[in-house]
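These notes are about the structure you will find just below.
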Amino acid sequence: MRDSRTHQPLTYAVRLPDDAQADALRLLDASRAVVNQALAILWPHLDEFGSDRVGPAWKQVGKYIASPSPHGDRQWRCESEVLGRVLRAQAERMKAFELVLPILCDGFIRPKTEKREASKNRSAIKEALTTLQKSLEEDETNFVTLQNVVEQCCNFFFAHDHFPSTYEELQPLPLLKVGTLTYAGDDGPEKGQAYRLALDLDGGVARFRFRYPDSAGVWHWRKVDTIIPLPDAVRERLKAGELMAPTLREEHRADGSRMAVLDFIVEVEKQEMPAWESVERVLGADWGVHTLLTATAVDEHNKQVGRPMFLNTGGFDGRQARTRRQIDELKKKVATYEQQRDGLPTDHPKRTWYNQRLALYRREIDLCWRKYEQRNRALAHLASNVLVLLARVHGCSLLSMESLKTLKSTGRGKGVRGRWRNYRNNSQIRGEIWRLLRYKCHLIGLRFHTEQPRGTSHTCPHCGLPAKTYRSPSERKEAVQWGRWLFCDICSYNGDRDYCASVNIARLGVAYLGQMKQTGKARSCPITDPRVKPVSYTGAGAALLLPPPSTHARPSVSGKICYYPGWLGSAFLQSSHKKHLFLRLCG
Ligand SMILES: [Zn+2]
């Protein structure tokens with residue numbers, strides 16, 4: 001593995017073909033059993049995995065034990081690589097625990113009151129950790145680990161009414177729940193003694209062969225290569241990157257069934273982050289009330305660049321809600337049939353009929369879940385790509401994103417239950433988009449910063465003073481908290497609520513950028529802070545070039561909305577560009 005500062009591994013999971021599933025799952029079960037057995041043996045030596053960390057993890061494990069259940073030397077190396085990585089990660093957490101142990105205090109916990117349950121005092125935790133971190137070397141991941149461990153300690157407190165005094169008390173033996181086997185401990189794709197992997201980039205496939213235990217527990221090589229079609233993204237990445245040893249692991253489906261996937265890991269060069277001095281424009285993105293995302297670009301002199309973009313998902317929510325209803329109905333049928341079947345005597349002939357029906361319904365439920373999750377993932381990719389592209393075409397090197405903490409209910413959907421569902425699904429998608437964005441920004445060298453959304457949708461982006469929102473531009477009798485139109489009583493500025501919020505997020509980003517440029521350090525400031533400057537809009541530099549996500553069809557523009565192929569009526573971009581311009585800009 002090359003230097004983590006300059007290179008980054010990208011992982012692509014590909015499901016193994018059906019004919020290899022059973023053998024691969026058996027292999028994973030066998031590996032998991034060995035890893036867990038060895039984990040129990042080595043757990044008392046955990047602290048030794050925190051220091052001596054030179055070389056691969058399997059070597060370190062090898063110093064202590066041999067396989068508790070031998071079935072091939074390289075197979076054990078791969079298993080001990082998994083094991084060693086778990087132990088090293090746990091040792092890292094244990095170090096973090098030892099650092100936070102002296103500062104764990106009751107102040108971290110907000111006691112239970114009549115109105116609410118006991119909870120974590122996040123501001124106290126953050127303050128204590130910041131102070132603690134100042135005494136350590138600066139390292140961002142370190143902070144996350146510290147925070148993570150404190151969270152775990154607080155959860156322990158809720159369960160036991162006291163903080164843990166040792167790491168072992170806090171952390172139970174972290175046994176693997178699902179099988180995972182990295183081939184990094186083996187001798188490579190050509191000479192491997194546990195696996196072989198050959199790429200056929202022209203044919204677009206990989207040939208994978210592996211050793212596995214058969215149903216009698218005897219270990220063999222698979223007689224034939226497993227042909228795995230490579231996704232386009234992997235082929236694309238392999239042109240510039242290097243293929244690392246793959247990882248075989250199992251995934252659980254919504255219905256509880258399992259499947260084996262092979263993670264293709266491609267190591268690519270990281271883009272360097274632009275120097276703060278060179279950052280001139282900021283793209284502000286807001287989780288909308290009426291749209292999924294709204295984004296606006298602002299330059300460092302607080303001038304808006306180009307026009308805002310709205311990613312709307314109205315039809316998408318409806319489709320997802322329908323799929324959820326379908327799943328509910330199927331589940332109801334399953335419950336009824338199960339009840340009817342269980343009412344029959346054990347030797348009743350109709351039981352078989354019920355079982356067949358039940359199997360059918362369960363498969364149907366599984367299909368629905370897959371469709372549902374696939375759609376979520378696809379939307380998250382679309383949204384993150386759109387944002388990254390927008391940042392690029394506007395020349396923004398900093399993406400200022402509203403943080404995920406305060407999720408707004410969209411109020412869409414029929415009935416409380418439907419609305420809650422949409423809300424919950426939206427929060428899932430937002431989490432996914434956020435993760436993808438952070439990852440993609442890192443990959444292409446775009447700075448990413450999150451902002452607290454406090455007050456951003458109730459502040460006038462024009463004069464920077466608090467403003468109210470109303471149901472619509474014409475209905476201004478009564479201010480509504482979730483209203484879609486913002487109107488400023490002071491300067492009479494008014495505009496779409498989500499748009500205003502995105503400008504405000506961009507303004508926060510500009511203030512942050514200013515601090516970074518001047519002092520190299522920044523504290524997030526509230527939207528009312530004088531450092532957060534008002535924005536003026538010139539409409540200049542409105543260049544938007546958005547290639548469609550698929551190459552098969554062109555996006556079509558109807559009025560001020562651009563529909564993407566494959567997303568007709570479910571997700572669309574909206575902008576105030578003129579039709580002919582918009583169509584040209586969208587590729
Ligand atoms: Zn104003």
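At-a-glance table
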quantity: Dipole of the chain [Lys/Arg +1, Asp/Glu -1 at C-beta], most positive-end residue of 346, 33, 142; calculated: 346
quantity: Check: region 97-233 dipole with +1 on Lys, Arg Cβ and -1 on Asp, Glu Cβ, in debye; calculated: 480
quantity: FRET efficiency, 1/(1 + (r/R0)^6) with R0 35 Å, evaluated for residue 335 and residue 148 via beta carbons; calculated: 0.35
quantity: Full-stretch length increase - residue 191, residue 381 - with 0.36 nm per residue and alpha-carbon distance subtracted; calculated: 64.7 nm
quantity: Protein accessible area in the chain, 1.4 Å probe - carbon and sulfur %; calculated: 52
quantity: For the chain: relative contact order, % (alpha-carbon pairs under 8 angstrom, 6 or more apart); calculated: 14
quantity: Label-to-label distance, nm, for residues given as residue 280 and residue 454 (7 Å Cα→Cβ offset); calculated: 3.4
quantity: Ranking by accessible area, most exposed first, for 101, 238, 87 with a 1.4 Å probe; calculated: 101, 238, 87
quantity: Amide H within-cut-off set for residue 451, under 5 Å, with H built and near neighbours excluded; calculated: 401, 402, 403
quantity: Debye, to nearest 20: dipole size of region 59-112, +1 on Lys, Arg Cβ, -1 on Asp, Glu Cβ; calculated: 100
quantity: Built amide H within the under 5 Å cut-off of residue 459, gap 5+; calculated: 467
quantity: Candidate residues 381, 301, 71: accessible-area rank, largest first, probe 1.4 Å; calculated: 301, 381, 71
quantity: Of 530, 121, 274, farthest towards positive along the dipole that unit charges on Lys, Arg, Asp, Glu beta carbons give the chain; calculated: 530
quantity: Estimated vicinal HN-Hα couplings, Hz - region 215-228 in sequence order (Karplus 6.51, -1.76, 1.60; Gly, Pro = x); calculated: 5, 8, x, 8, 8, 9, 7, 5, 5, 10, 6, 8, 8, 10
quantity: Cα-Cα over 20 Å, subset of 120/440; 126/521; 191/223; 303/533; 440/521; calculated: 120/440; 440/521
quantity: Surface accessible to a 1.4 Å probe, per residue, for the residues of region 220-330, Å²; calculated: 42
quantity: Helical mean residue ellipticity (222 nm; -39500 (n - 2.57) per DSSP H run of 4+; nearest 500) of the chain; calculated: -14000 deg cm²/dmol
quantity: Degrees between helix 497-519 axis and first principal axis of the chain (Cα, 0 to 90, nearest 10); calculated: 80
quantity: Point-to-point label distance, residue 347-residue 215, nm (Cα→Cβ direction, 7 Å offset); calculated: 2.8
quantity: Dipole-positive endmost among 445, 192, 208 within the chain (Cβ charges, Cα centre); calculated: 445
quantity: Cβ crowding within 10 Å averaged over residues, with 89-97, 14-22 ranked highest first; calculated: 89-97, 14-22
quantity: Crossing angle, helix 122-134 versus the chain [Cα axis fit, 0-90 degrees, rounded to tens]; calculated: 70
quantity: Residues residue 160 and residue 290, FRET efficiency given R0 of 45 Å [Cβ-Cβ distance, rounded to 0.05]; calculated: 0.50
quantity: Accessible heavy-atom area order of 450, 528, highest first, probe of 1.4 Å; calculated: 528, 450
quantity: For region 370-376, 3J(HN,Hα) per residue [Karplus equation, 6.51 cos²θ - 1.76 cosθ + 1.60, θ = phi - 60°, Hz, x = Gly/Pro]; calculated: 5, 4, 4, 6, 4, 4, 4
quantity: Calculated Rg and Dmax of the chain using C-alpha coordinates, Å; calculated: 27.3, 81
quantity: Total formal charge among the other residues, if their Cβ is under 13 angstrom from that of residue 174, Lys/Arg +1 and Asp/Glu -1; calculated: +3
quantity: Electrostatic dipole magnitude of the chain [Cβ: Lys, Arg +1; Asp, Glu -1; Cα centre; debye, to 20]; calculated: 2580
quantity: Amide proton proximity set for residue 226, modelled H, under 5 Å, gap of 5+; calculated: 208, 209
quantity: Distance between region 59-125 and region 230-295 - C-alpha centres, whole angstrom; calculated: 26
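The values are calculated or read from the model by the stated rules, or taken from the named source; none is laboratory data. Because the structure is a prediction, the values reported are computed rather than measured. For neighbour counting, all protein chains shown are included, and Cβ atoms are generated from backbone atoms with ideal geometry for every residue, glycine included. Surface accessibility is based on the protein's heavy atoms, side chains included, excluding ligands, DNA and RNA. Shrake-Rupley method; radii C 1.70, N 1.55, O 1.52, S 1.80 Å.
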